[in-house]
Amino acid sequence: MPDNSKLMTIKLPNGLLHAVPNQAALLNLNYTVYEIFTLKSYERKGWEIAQTDTILDIGAHMGVFALWAAKQAPRGKIISIEPTENIESLTKSIEINKLKNITPLKVAIGQDDSFIELFTSPNYNSSNSNTQFTHSPFLRFLTFLGFNTIHRKHKNQRKTERVKTVSIASIMDKYKLKQIDYLKIDCEGGEYDAFNYLPEEYFPRIKKIAMEFHHFHPSHDYRKLKALFEKHGFEVNTHRTFVQRLTKSGNIWARQKEESTN
């Protein structure tokens, strides 16, 4: 067993402990906790999590969403996908809390047996992104402010990392997921490949989707995702705040129409 006696942690509102990778990540982690637990960014009527639910967490980051969901689905299963070293925080949190219902995977979602290149910043871990994508001017400005502040304090270095991609279908097959009750996805523009490479027969096995979409490439258009979901029987709602419009992002809430009538 690893020695966690000197590991930095914070206590989440649901009582679980969250491992903190380094002091530089603490600000980002605290904001994510505020976003999920206080602002309730993944809570919506009809998107409640049941005790036995199967949850796919794409873009797990340091694991706040997974730990939030873990207490709600103690007899369920959570598969958390994160291609960067951020996944190590979740892995340590699982060990600390002795959780059995979360499986962390260090891969990216996309096309099977392929690779993508990511910009990663070990001490400013909110700026990880595909090297092929371009952020909005406003988001680049925010990243510049955060990156340079962290750089001065913690000597941050940006690097490029090549990571393997797998499809949602392969994850469902490998882990024998008959259905996904709640699919959360926030993967900085990777959501388009996630669903464009998903065979049609898998869509009915996904019951609810909570997504943050992004426009980081000329091919990105959330209306295409909306149309794709509607084609496969989902009832879809979209929402964009003023700040999200500046950062070229927004939210999609989609659920199978059979779920909306229950």
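Quick one: which residues, 5+ away or cross-chain, put their amide H under 5 Å from the amide H of T103? H built at 1.01 Å from N.
Sorted by chain and number, the residues that satisfy this are I78, I79, S80.
Using θ = phi - 60° and the Karplus form 6.51 cos²θ - 1.76 cosθ + 1.60, what ³J(HN,Hα) does each residue of the stretch 29-42 get, whole Hz, x for Gly and Pro?
So the Karplus estimates, Gly and Pro as x, are 5, 4, 5, 5, 4, 4, 4, 7, 8, 8, 6, 6, 5, 10 Hz.
Aspartates and glutamates near K92 by alpha-carbon distance under 20 Å, same-chain residues fewer than 8 away left out - which ones?
The reachable aspartates and glutamates, counting only those whose Cα sits under 20 Å from K92, are D3, D57, E82.
If packing is taken as the average number of other Cβ atoms within 10 Å across a peptide's residues, how do 32-43, 65-76 rank, most packed first?
My ranking of the peptides, most packed first, is 65-76, 32-43.
Students often get this wrong: which residues of the stretch 87-106 have the backbone nitrogen under 15 Å from the point 7 angstrom along Cα-to-C-beta of L17?
Once the point is set 7 Å along Cα→Cβ of L17, 89-99 turn out to lie under 15 Å by backbone N, inside the stretch 87-106.
To make sure I understand, if each residue's beta carbon is the centre and we count other beta carbons within 10 Å, what order do M62, M211 fall in, fewest to most?
M211, M62
Computed from the coordinates by the stated procedures, all read-outs in this text should not be read as laboratory data. Computed from a predicted model, the values in this text were never measured in an experiment. Methodologically, a virtual Cβ is constructed for each residue, glycine included, from the backbone with ideal geometry; neighbour enumeration extends over all protein chains shown.
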